[in-house]
């Protein structure tokens, strides 16, 4: 039973999340032969102030890049 956890910063639309679930499921079916009804996908949206990389928080990085 595949379990996939996708973590993204907040802002994706319902349609985008739906597309992610469909395409990840389709890939697991195609590549690994998994059954869609046994595949679980969880999307966790993280606040930009709770996600860091390159030594800074994402919200700080975005302000710097503008």
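Since every read-out is calculated from the coordinates, none of them should be taken as a lab result. For clarity, every value in this text was computed on a predicted model and none was experimentally measured. Every residue, glycine as well, gets a Cβ built from its backbone with ideal geometry; the counts of neighbours run over all protein chains shown.
Observations, loosely collected:
- Which listed residue, of 34, 17, 62, is surrounded by 12 or more Cβ atoms within 10 Å (Cβ to Cβ) and part of a loop (DSSP other than H, G, I, E, B): 34
- Identity of the residue in region 1-14, surrounded by 12 or more Cβ atoms within 10 Å (Cβ to Cβ) and over 30 Å from residue 64 (Cα atoms), that ends up nearest to the chain's Cα centre (by Cα): 4
- Against the numbered list (1) in a strand (DSSP E or B); (2) surrounded by 11 or more Cβ atoms within 10 Å (Cβ to Cβ), residue 28 comes up short only at (1).
- Those residues of region 37-46 which are surrounded by fewer than 11 Cβ atoms within 10 Å (Cβ to Cβ) and either over 22 Å from residue 16 (Cα atoms) or under 14 Å from the mean Cα position of the chain (by Cα) (or both), in sequence order: 42, 44
- Filter result for residue 49 (part of a helix (DSSP H, G or I), at negative phi, in contact with a helix residue (DSSP H, G or I) (Cβ under 8 Å, 6 or more places away or on another chain) and surrounded by 11 or more Cβ atoms within 10 Å (Cβ to Cβ)): yes
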